[in-house]
Amino acid sequence: GQSLEQPSEVTAVEGAIVQINCTYQTSGFYGLSWYQQHDGGAPTFLSYNALDGLEETGRFSSFLSRSDSYGYLLLQELQMKDSASYFCAPGGQTNAGKSTFGDGTTLTVKP
Amino acid sequence: DGGITQSPKYLFRKEGQNVTLSCEQNLNHDAMYWYRQDPGQGLRLIYYSQIVNDFQKGDIAEGYSVSREKKESFPLTVTSAQKNPTAFYLCASGTYTLSYNEQFFGPGTRLTVL
């Protein structure tokens, strides 16, 4: 079967660092994507990890451990605009790049 | 500008009516997807298509139908058989390889069935 776990809510203050964890169990796994969705908007792509290790893109970094079926998104120097929902989505080349999205993590950044 | 468009942004229909949601992309992507999102929840895959004239059911295909006659277009029909159609519908197109997978989302259509 397939399962995906993320914390439902995370709260942090401006300037802080926050880590959003993701554990998954899915067939046809090739990599782990992360998406951001602001309230009322469409998801936007943040990162994709195909290999173990850390990928850094500006203030955001994403980590994958395939052996542990685990990944995380690290957000540094938090800003108010980072308040959004964050989804991890395991998937990849199998079945036309189909990814599985969970319920996501709602991040609230406070002043 | 390259992108993916959905229309309309808001759609109201009476119960029992079929309704078709439009999705167009000019990103030259082979793969396209339809998701449903309910308030406070994640995205659930309805249908996806890897190539023209071919599509596959996702996790919640019952009550929906799609077509893929052109690479650029992937319309979704919400039929009267869908028991609870009120939701936010998101279309995406994507590029994927062994080492990369990214989906680009349209702005979505909010469907309300009265």
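Every number here is computed from the coordinates shown, using simple stated rules; none is lab data. These numbers were taken from a predicted model, which means no experiment stands behind them. Positions of Cβ are backbone-derived with ideal geometry, glycine not excepted, and every protein chain shown enters the neighbour counts.
Nearest 500 deg cm²/dmol is fine: what mean residue ellipticity at 222 nm does chain A get from its DSSP H runs of n ≥ 4 alone, each adding -39,500 (n - 2.57), divided by its residue count?
Values: 1 runs with 4 residues, N = 111.
It lands at -500 deg cm²/dmol.
Exposure proxy shown here: for B:66, B:19, the number of other Cβ atoms within 10 Å sets the order, fewest to most, as B:19, B:66.
What do you get for Rg/Rh over chain B if you use C-alpha atoms and the Kirkwood form of Rh? Expressed as Rg/Rh, it is 0.96. Quick one: in chain A, what % of C-alpha pairs are over 18 Å apart? Roughly 45 percent, once rounded to a whole number.
Summing Lys and Arg as +1 and Asp and Glu as -1 over all other residues whose Cβ lies under 14 Å from the Cβ of residue A:38 gives a net charge of -1. Please state the relative contact order of chain B as a whole percent: Cα pairs under 8 Å, 6+ residues apart? Value for chain B: 34 percent.
Listed peptides A:52-59, A:68-75, B:56-63, B:69-76 appear in the order A:68-75, B:69-76, B:56-63, A:52-59 once ranked by packing, highest mean of other Cβ atoms within 10 Å at the front.
Here the residues A:38, B:29, ranked from fewest to most Cβ neighbours within 10 Å of their Cβ, fall in the order A:38, B:29.
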